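J.: Before I ask anything, let me first share the structure, which is written out below as structure tokens.
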Amino acid sequence: VNRRTKTLEDLTLDSGYGAGDSCRSLSLSSSKSNSQAFTSSQHRGNWWYYSGSMNSRNNSWDTVNTVLPEDPEVADIFSKCPKLPDLEEYPWTEEDIGKILRKGKGDGNTRTFSQEAVRRLSQLLRRALIRLSREAQRLSVMHSKCTRFEVQSAIKLIQSWSLSESCVLATVKALSLYSMSAGDGLRKGKSARCGLTFSVGRFFRWMVDTRISVRIHEYAAISLTACMENLVEEIKARVLASQSPDGGGGEISAEILEMVINNDAELWGVLQPYEHLICGKNANGVLSLPAYFSPYNDGSVCSDGRADAYAQLELRTLEQSLLATCVGSISELSDLVSRAMHHMQCLNTIRPGMSPIRQTRQQQPISWSPDALHTLYYFLRCPQMESMENPNLDPPRMTLNNERPFMLLPPLMEWMRVAITYAEHRRSLTVDSDDIRQTARLLLPGLDCEPRQLKPECCFSSFRRLDAKAATERFQQDLGFRMLNCGRTDLINQAIDALGPDGVNTMDDQGMTPLMYACAAGDEAMVQMLIDAGANLDIPVPSTSPRYPSVHPDSRHWTALTFAVLHGHISVVQLLLDAGAHVEGSAVNSGEDNYAETPLQLASAAGVPWKLHVWIESLRTTFYQSRYSVVQTLLREFVTIKEEDYNEELVNEGLQLMFDILKTSKNDSINQQLASIFTHCYGTSPIPSIPEIRKTLPARLDPHFLNNKEMSDVTFLVEGKLFYAHKVLLVTASNSAGLTASHLAFFPFQMLMQYLYYGGTESMEIPTTDILELLSAASLFQLDGLQRHCEILCAQTISMENSVNIYKYAKIHNAPELASFCEGFFLKHMSALLEQDSFKQLIYSRNSKVQGLDPLRDLQTALAGRLHSVYVTSRV
């Protein structure tokens, strides 16, 4: 008994070990699949695992070597485990996954994934999404808000150290890109700003629909999106690494994908359909540790520069024991945890790849409280091993409880990893019993417990560095918080005395005052008592400092009113406001930069301007759902988007969507709204004019010879009238041996001949009624100068009545400049033109397509060019 007591005392008071901060804890291991095919990968360490007996001792370590055969009993065991729900809706498509697989890691490999493999991967990813979201949802309960911190901690809980490090780094990268592109906030969608293929907007919508939390920060959506996309890239990289380089360029099938995942201890458990998380083992039940969990594997040594055989054996023994799934005594467990924490601290210190920034930000080491060890022992104890540890203890003749099968028992290393992550998330220096219960809920089937609530915590580990007097004062302070937290208002005076010199405004390690805790709990009576006792209503949560080591990053600068608003305690909010609490919280009197959301911001649904990306996606969704009343409302909102925010997305996607609506809609109100938008986008600037062709023909013959019977040598019969000309002029004007022009009227023919004889259009007077016929003739004879002159005259005389006819002539007779001018005219006057039958027939009638016309496509192209030149290119 004395030996066990001493072990517990050493474990809880020894300050020489710890797990480091949350950043460095990610660097404790880097791993890859158990599959031997992965040995060719150079950027990820190999896994070593055990399939034979270590024969070191006959207790806990025997569980390390157990590999279950393929037995129907195993399938029966898993069939009884609760399963994850099937997601009917998820925030990606198979096309999205295909894009990531084509652009992801391993670009040197030309092999592609089959459609069946993509479909299977999409199904597996839903399970990972559920796991991450459920943990983020539970972590968000503490502050009734889901931020990037909750998502990143959920990643660390669900995934192995190396895989979570990769995914967390992906979230940091996406958030950095998003922050650096703040100037493009209204011009680009979130996914484009973050450099992601998955849609951040869809993930955000999905998180809201699944009620991850009452409030979801956009950074949380970005982090979850980046994590899932990085997980796809990691899976692709491992699948490609498992294939031989000379394996050809065939498709990777779903069977190959399944095989690689089944052999990968980091991926297999995360992608299983069971509610409990299977960690540290692959589909064959093989337990494994990452290779450079040991610093000796890559030749690294300790500080003395030598690592003797005994030290290596001791280290290997420790690493093997961390794979144990059962222990025989609390002293054995205490010893294993203590040595493991020392080992992890050593890894953090000597690992050459660690960032110097992480080393300078090293936190105080994490400790394990006695109740945490006892709770962990409860889940790891084995009655048979207890009897082997203690010869004086006879094993029970019959058992009252069924033992959990080996396949359902996680190794000790995973218990420690998850428990430490829970402690790090709440910025605590101590792993307590609740962390172990939360870990058991995650790792064992059929267990559940409530999420951790916001409450005062006794961080007794911080007392170890204090002298007796200071430690006594801290224990008194902790007693004061507990007295207030119990809800007894008759103890408030005694509690305030116990809090110390700051009295009712004393802050604990989390930077919170008793009033903040009472507001978060909704204890109206206690809030009133604390207000009467003189509590400062607007005192904020301080920034993280050695004095307040457990401040949650997102709660900095929050006030008591902020906590009441977050947890939805309206009566408490009213109490605080009546007592004079400021709705802007700490932003009123703060002398430092304060980016925290104020209570007023959290409580109000402030209107925000439309972002172009959000507007387009909203319009697309409502159109696909045939919710035309909402479509009309959204179209009216377009004018609220600033013109300086028009971008390539509007040109490439927005216009296509709106013209699709115009093409299919039979609602006149919607069509008029679209016409107004097109006119608005085209702008008030004039339509670009049609340029003259400067080339002037020299006079071929004296005008006196025009239609002169006496001197002509060729005669034309046009509309029954004779027209005299000269062969020499006609031969030089055209290479055609013969020409039929029976459809030409006499006057346009006369104007055409006059153009040839005069060598220009300066002296020509063309009646408005004959311009189009002359245009047709000029096009027929390929007289570019005369045709351009007719186009200019048409542009000068265009009106609502003749615009459709002019457009048809321009398209039929190959007059692109005039057609472009007509399209600009249509866009400028589209609302009025939609009232005319001729224009509606032009854009909707099948006859237009028969004539080779596609006016809606031409209008879209014209408007896209206008937008691009006026709003996009001009800003570059």
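J.: If a paramagnetic tag sat 7 Å from the Cα of ARG119 along the Cα-Cβ line, which residues of the stretch 253-283 would have the backbone N under 18 Å from that point?
T.: 253-259
J.: Sticking with this structure for a sec: Can you give the charge dipole size of the stretch 171-235 about its Cα centre, rounded to the nearest 20 debye, using +1 on the beta carbon of Lys and Arg and -1 on the beta carbon of Asp and Glu?
T.: 280
J.: In whole Hz and in residue order, list the ³J(HN,Hα) couplings for the stretch 794-804 that follow from phi through the Karplus curve 6.51 cos²θ - 1.76 cosθ + 1.60, θ = phi - 60°; x for Gly and Pro.
T.: 5, 5, 6, 10, 5, 8, 4, 7, 9, 4, 5
J.: Would you list the P(r) distribution for the stretch 80-278, with all Cα-Cα distances sorted into 5 Å bins from 0 and each bin expressed as a whole %?
T.: That works out to 1, 8, 16, 20, 21, 16, 10, 6, 2, 1, 0, in percent per bin.
J.: Ordered by residue, what ³J(HN,Hα) values in Hz, to whole numbers, does the stretch 369-381 give under the Karplus form 6.51 cos²θ - 1.76 cosθ + 1.60, where θ = phi - 60° and Gly and Pro are x?
T.: 6, x, 5, 5, 5, 5, 5, 5, 5, 4, 7, 9, 5
J.: Please report, in debye to the nearest 20, how large the charge dipole of the stretch 80-278 is about its Cα centre when each Lys and Arg carries +1 at its beta carbon and each Asp and Glu carries -1 there.
T.: The calculated dipole for the stretch 80-278 is roughly 720 debye.
J.: Can you give the net charge of the other residues whose Cβ lies under 10 Å from the Cβ of SER223, counting K and R as +1 and D and E as -1?
T.: Neighbourhood net charge equals -1.
J.: Obtain the nm distance between the two label points defined at THR768 and ASP448 by a simple spin-label model: each point lies 7 Å from its Cα along the Cα-to-C-beta direction.
T.: Calculated label separation equals 8.1 nm.
J.: Please report ASP854, ASP432, ASP209 as a ranked list, fewest other C-beta atoms within 10 angstrom at the top and most at the bottom.
T.: ASP209, ASP854, ASP432
J.: Sticking with this one: Greater than 30 Å separation of Cα atoms is the criterion. Which listed pairs, LYS145/LYS469; LYS642/LYS828; LYS103/LYS663; LYS611/LYS828, meet it?
T.: LYS145/LYS469; LYS103/LYS663
J.: Just going by the charge dipole of the stretch 80-278, with Lys and Arg at +1 and Asp and Glu at -1 on Cβ, which of THR110, MET180, ILE252 is farthest out on the positive end?
T.: MET180
J.: Moving on to the next point. Under the rule of at least 5 residues apart or a separate chain, name every residue whose amide H is placed under 5 Å from the amide H of ARG381.
T.: Close amide H contacts, sequence-distant or interchain: VAL327.
J.: Given H placed 1.01 Å from N in the peptide plane, which residues other than close sequence neighbours of CYS146 have an amide H under 5 Å from its amide H?
T.: For CYS146, whose amide H was placed from the backbone, the distant partners under 5 Å are ARG215, ILE216, HIS217.
J.: A further question on this structure: Return the long-range amide H neighbours of PHE113 (sequence gap of 5 or more, or a different chain), with a cut-off of under 5 Å between placed amide H atoms.
T.: The answer is ILE252.
J.: So what J values fall out for the stretch 548-556 if you push phi through Karplus, 6.51 cos²θ - 1.76 cosθ + 1.60 with θ = phi - 60°, rounded to Hz, Gly and Pro as x?
T.: For the stretch 548-556, the Karplus curve yields 10, x, 10, 5, 6, x, 7, 9, 4 Hz.
J.: What FRET efficiency would be calculated for the residue pair SER869, SER689, taking the C-beta separation as r and a Förster radius of 22 Å, to the nearest 0.05?
T.: Details: r = 15 Å, r/R0 = 0.69.
E between SER869 and SER689, to the nearest 0.05, is 0.90.
J.: Counting other beta carbons within 10 Å of each Cβ, put GLU275, GLU524, GLU823 in order, fewest first.
T.: GLU524, GLU275, GLU823
J.: How do ARG846, ARG437, ARG482 rank when sorted from fewest to most other Cβ atoms within 10 Å of their own Cβ?
T.: The order, fewest Cβ neighbours first, is ARG846, ARG482, ARG437.
Read-outs: derived from the displayed coordinates by stated rules, not from any lab. From a predicted model like this one, the values you see are computed outputs, not experimental measurements. When we count neighbours, we look across all protein chains shown, and the Cβ atoms used for this are built from the backbone with ideal geometry, even at glycine.
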